[in-house]
Amino acid sequence: MSSTPPPPDRPRPLRTAAVIPAAGRGIRLGPGAPKALRVLGGTPMLIHAVRAMAASRAVSLVVVVAPPDGAPEVKHLLDEHALPERTDYLVVPGGDTRQESVGLGLDALPEDVSVVLVHDAARPLVPVDTVDAVVEAVRNGAPAVVPALPLADTVKEVEPAAVAGEPEPVLSTPVRARLRAVQTPQGFDRDTLVRAHAEVAVDGEGATDDAGMVERLGKPVVVVPGHEEAFKVTRPLDLVLAEAVLARRRANDGF
C-alpha cells in the first residue's frame, strides 16, 4: 500500500513592514516637543503616520524608531491610541542621524519581512492608495520605489552664497518635466536596503533619502505617482494646511 507524498512546501507570502524614523527634534516647527509628537487634530502626528501605514492591508508590522531617550514615552503613546489589531507594533531607540535610526529599525525586523517601507513621521496624511502602490511596485520586482509629484515651479541650480542673504548666481535651469518632488513611504526589497545601509557610510548628518543610498549601489529606483496630501509638515504653515486637510477628511468621510 503506497502512501500519498506530502504536498510540496508552499512559498511563504511576502511580509511587509514599515519603519518610521521619529527621533528628530524638528526645530523648524519651533521649540517644544519633537516634531513627530506635535499634535494634529488632537492626535500626535506620529499616531497619524502609524495609522497611515497600518491602513494598508499589506503592512503587518510598523517599527517606530524613537528618540534615544524617549522609547518608553513613544511606546506608551502607541498603547494609548486605537490602532488596527491586524498590525503589530514595535518601538526601538534611534541614533544620532536619520540614517542611523533607519538602520536600527532595519535591525529590529523579523526574518520573514521581505518588503520594507520607510516613512517620514512628518508626513501624517499620506493616503492608503499611495502606500499600496509603493508596496505593489516592490512586489512586482522593483528593488526601490518612491512616490513623487511633478514640480509646479521652475527650479534653478545656483552657486550658494558665502554669506546668507547675498545674491546667488544661477548655474543652470533643469528641465522641469524631468524633475519630481519625492515623498514617502519609499519601498524596498529588504536585502537591497540592508545592503545600502551596510555599504553607504554615515557622512556628516547622514543620508536623508534611502532611495538615494540605493542609487549609489547602482540599483534602479522607480517612481510611482505620489499624492498632494502626502506633504511633509516641517514649518508652522504646513501644520495649518495639515489641520485643514484633516478637517476636510473628517467632514467628508468621518476619517
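Residues in the stretch 79-95 that are in contact (Cβ under 8 Å) with a residue 12 or more places away in the chain and over 25 Å from residue 238 (Cβ atoms): 84, 86, 87, 88, 89, 90, 91, 92, 93, 95.
Inspect all residues belonging to the stretch 94-103 and state whether any of them is at pLDDT 95 or above and open to solvent by 10 Å² or more (accessible area, probe 1.4 Å). Yes, there is a match, as at least one residue in the stretch 94-103 is at pLDDT 95 or above and open to solvent by 10 Å² or more (accessible area, probe 1.4 Å).
The selection criterion, being among the hydrophobic types (A, V, I, L, M, F, W, C) and over 28 Å from residue 198 (Cα atoms), holds for residue 126.
If the condition is being assigned to a loop (DSSP other than H, G, I, E, B), of a type in the set (A, V, I, L, M, F, W, C) and either open to solvent by 40 Å² or more (accessible area, probe 1.4 Å) or touching a Ser or Thr at 6+ places or on another chain (Cβ under 9 Å) (or both), then the stretch 233-255 contributes only 255.
Would you check if residue 150 is under 27 Å from the mean Cα position of the chain (by Cα), at pLDDT 95 or above, open to solvent by 50 Å² or more (accessible area, probe 1.4 Å) and not acidic (Asp, Glu)?
On the way: under 27 Å from the mean Cα position of the chain (by Cα): yes; at pLDDT 95 or above: yes; open to solvent by 50 Å² or more (accessible area, probe 1.4 Å): yes; not acidic (Asp, Glu): yes.
Judged against the criteria, residue 150 is a match.
What are the residues in the stretch 188-204 that are in a loop (DSSP other than H, G, I, E, B), out of contact with any Lys or Arg (no Cβ under 9 Å at 6 or more places or on another chain) and not charged (D, E, K, R), if any? Passing the criteria: 201, 202, 204. Can residue 142 be described as buried (at least 20 other Cβ atoms within 10 Å of the Cβ) and either over 14 Å from the mean Cα position of the chain (by Cα) or in a helix (DSSP H, G or I) (or both)? The answer is yes for residue 142. When the stretch 59-86 is filtered for residues that are of a type in the set (Gly, Ala, Ser) and assigned to a strand (DSSP E or B), the ones remaining, listed by number, are 60, 66.
Residue by residue, here is whether (1) open to solvent by 50 Å² or more (accessible area, probe 1.4 Å); (2) touching a residue at least 40 places away in the same chain (Cβ under 8 Å); (3) of a type in the set (Val, Ile, Thr); (4) in contact with a Gly (Cβ under 8 Å, 6 or more places away or on another chain) holds:
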| residue | (1), (2), (3), (4) |
| --- | --- |
| 108 | no, yes, no, no |
| 112 | yes, yes, no, no |
| 124 | no, yes, no, no |
| 165 | yes, no, no, no |
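Could you please give the count of residues in the stretch 167-188 that are surrounded by 21 or more Cβ atoms within 10 Å (Cβ to Cβ) and farther than 17 Å from residue 227 by Cα? So the count comes out to 1. Please pick out the residue among 194, 214 that is touching a residue at least 60 places away in the same chain (Cβ under 8 Å), out of contact with any strand residue (DSSP E or B) (no Cβ under 7 Å at 6 or more places or on another chain) and crowded, with 16+ Cβ neighbours inside 10 Å. Checking each option against the conditions leaves just 194.
The values are calculated or read from the model by the stated rules, or taken from the named source; none is laboratory data. Note that the structure is a prediction, hence the values are computed from the model and not measured. We place every Cβ from the backbone using ideal geometry, glycine too, and count neighbours over all the protein chains shown. SASA here: full protein model, heavy atoms, side chains in, ligands and nucleic acids out. Shrake-Rupley method; radii C 1.70, N 1.55, O 1.52, S 1.80 Å.
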